[in-house]
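Worksheet for the structure shown next.
The values are calculated or read from the model by the stated rules, or taken from the named source; none is laboratory data. Please read these numbers as outputs of a predicted model, since none were measured by experiment. Using ideal geometry, Cβ is built from the backbone for each residue, glycine included, and neighbour counts are taken over all protein chains shown.
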């Protein structure tokens, strides 16, 4: 499986970098979905492997700026970040998410795992946010993250 940010657009194209990458980069990083080694991810500490992004991009073929991810990012930045334990929760997510993504990517059924994350976490969270049910969104997010952590860490 190739990186969920990779596509072919008149050459090897990285949607994260928003430009073409050379053939060497493609064969070394993109084709093998190697976040931990990829210089694009190493240069951007905020991009270290997000299972929500992977679920949207890899399982559903959505762009990085799709409605679902934009809604979740807005929730994180505007609501969760302003809660008493919000900053700590966000920090914990960025500590565990890359390991979850890495382990899912080692699984032969990674696409179905990302589809499950999309169906059981991404979509329900977005629907709760649309209804302004922020605490319920956080509860679902926490329970799913704990399950993923248990299953893939």
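What to note about this one:
- Any chance residue 64 is loosely packed, with under 15 Cβ neighbours inside 10 Å and either part of a loop (DSSP other than H, G, I, E, B) or not assigned by TED's automatic domain parsing to the domain that holds residue 17 (or both): no
- Contacts under 6 angstrom Cβ, first residue in region 137-153 being under 16 Å from residue 105 (Cα atoms), partner assigned to a helix (DSSP H, G or I), 6 or more apart: 148/100; 149/96; 152/100; 152/103; 152/104; 153/99
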